[in-house]
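The values are calculated or read from the model by the stated rules, or taken from the named source; none is laboratory data. Quick caveat: nothing in here was measured; it's all calculated off a predicted structure. Please note: Cβ atoms are built from the backbone with ideal geometry, for glycine as well, and neighbour counts cover all protein chains shown.
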Amino acid sequence: MFIVVRWGFFMGKIVVDRFNVKASLYLLTHAHTDHMRGLRKGWSKGPILCSEETGRVIQALYGVPKSLIPTIAPGEEIKVFGAVIKAYDANHCPGALMFKVEREEEGDDKGKVEVYTGDFRLNDRMRGILHEFEGADVCYLDMTYNNPCFMFPPQSHAIQQVIEVLETCEGKDSFVGIYNIGKNKVVKAVSKHFGVPVYVPERTYRVYQALDMGEIVTKNMEDTCISAYSRGFLEKPKVDSPLFYKISMGYTVIPTGWACIMKPRNRRGRRIEYVAYSEHNDYYELQEFIKTIKPKKIVNFHRGK
Ligand SMILES: [Zn+2]
């Protein structure tokens, strides 16, 4: 599918996952905060090109007007500001995209191909389109787990492990580490398996509503004994938090790629279990991606994270 989009008559700069600079078009791979630096309430700097799901999330969280959110679906191309931009499913959080940008404007960059992976995890569907990235001039790459010690099981296996851990809780309060957006597959599977919604804080609830996944979560703690919060909140609940006692007496499972280097631990008498669930590539998937597409240059945008 090929769409030509024009906003006004000016030609200008395109930036990806960055909102604290002036640009004519902002590309957003997905709605994780480390990819939205500079995006604030009252946004009016310019159009943000993203998936429909990501668009709904940034409307819900930042009130970005719909008129400033042109959307693109995986497989679609847009020709704008002297570039052809194509989107691909990133197999990360809901709505996450990868972009290929091919420069068409006259000048030194004419014909230059850049791939912006955002965060992603290789799967068989993606393997089928990797030839489209082959020989890219620059690949801005998610290298979060670029170490041979990171080897992840399929997500379905990890989700099953999370459920098995929660089954041992026997109706006690139990907690799962998630993000506002991301690890939704875990929440969905847990809700389905136990037949109850998962309690999430207000901001996370708004994101699930925006993603049409509101039925698997609740804002009412009385509805369920399973709650989901951020990993940091669960690992170190603040002593003055009204939830401190509940979390301290409960059982916590953290699905994270970092599980490969973490051990189950007891913190102040409570057990925290880590499960190697990841929405990023492990080291071996990353190597496969690089060897297949053979980019001329790689930029690790997570360096220094
Ligand atoms: Zn991410």
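For beta carbons closer than 6 Å, sequence separation of 6+ or different chains, a first residue in the stretch 96-109 that is not assigned by TED's automatic domain parsing to the domain that holds HIS30 and assigned to a loop (DSSP other than H, G, I, E, B) and a second that is among the acidic types (Asp, Glu) and within 16 Å of the ligand (Cβ to nearest atom), there are no qualifying pairs.
Of the residues in the stretch 127-140, how many are within 16 Å of the ligand (Cβ to nearest atom) and in a helix (DSSP H, G or I)?
Filtering the stretch 127-140 down to residues within 16 Å of the ligand (Cβ to nearest atom) leaves 140.
Adding the requirement that they be in a helix (DSSP H, G or I) leaves none.
So the count comes out to 0.
With respect to the stated conditions, ARG121 is among the basic types (Lys, Arg), in contact (Cβ under 8 Å) with a residue 60 or more places away in the chain, in a loop (DSSP other than H, G, I, E, B) and assigned by TED's automatic domain parsing to the domain that holds CYS139.
Counting residues in the stretch 154-161 that are assigned to a helix (DSSP H, G or I), under 17 Å from ALA228 (Cα atoms), hydroxyl-bearing (Ser, Thr, Tyr) and free of Cβ contacts under 8 Å to residues at least 40 places away in the same chain gives zero. Is it the case that TYR116 is within 16 Å of the ligand (Cβ to nearest atom) and hydroxyl-bearing (Ser, Thr, Tyr)? Considered against the rule, which asks whether it is within 16 Å of the ligand (Cβ to nearest atom) and hydroxyl-bearing (Ser, Thr, Tyr), TYR116 comes out as yes.
The set of residues in the stretch 17-68 being more than 15 Å from the ligand (Cβ to nearest atom), charged (D, E, K, R) and in a loop (DSSP other than H, G, I, E, B) consists of LYS22, ARG40, LYS41, LYS45.
At pLDDT 95 or above and surrounded by 12 or more Cβ atoms within 10 Å (Cβ to Cβ): is that true of VAL57 in this structure? Break it down stepwise before answering.
Details: at pLDDT 95 or above: yes; surrounded by 12 or more Cβ atoms within 10 Å (Cβ to Cβ): yes.
So VAL57 passes the test.
In the set (1) under 30 Å from LYS66 (Cα atoms); (2) in contact (Cβ under 8 Å) with a residue 40 or more places away in the chain; (3) in contact with a Phe, Trp or Tyr (Cβ under 6 Å, 6 or more places away or on another chain), the condition left unmet by GLY182 is number (3).
Summed over the stretch 272-286, residues that are touching a Lys or Arg at 6+ places or on another chain (Cβ under 9 Å) and within 16 Å of the ligand (Cβ to nearest atom) total 7. Counting only helices (runs of 4 or more DSSP H) that sit completely within the stretch 210-300, those holding 3 or more residues that are at pLDDT 90 or above and hydrophobic (A, V, I, L, M, F, W, C) correspond to 283-293.
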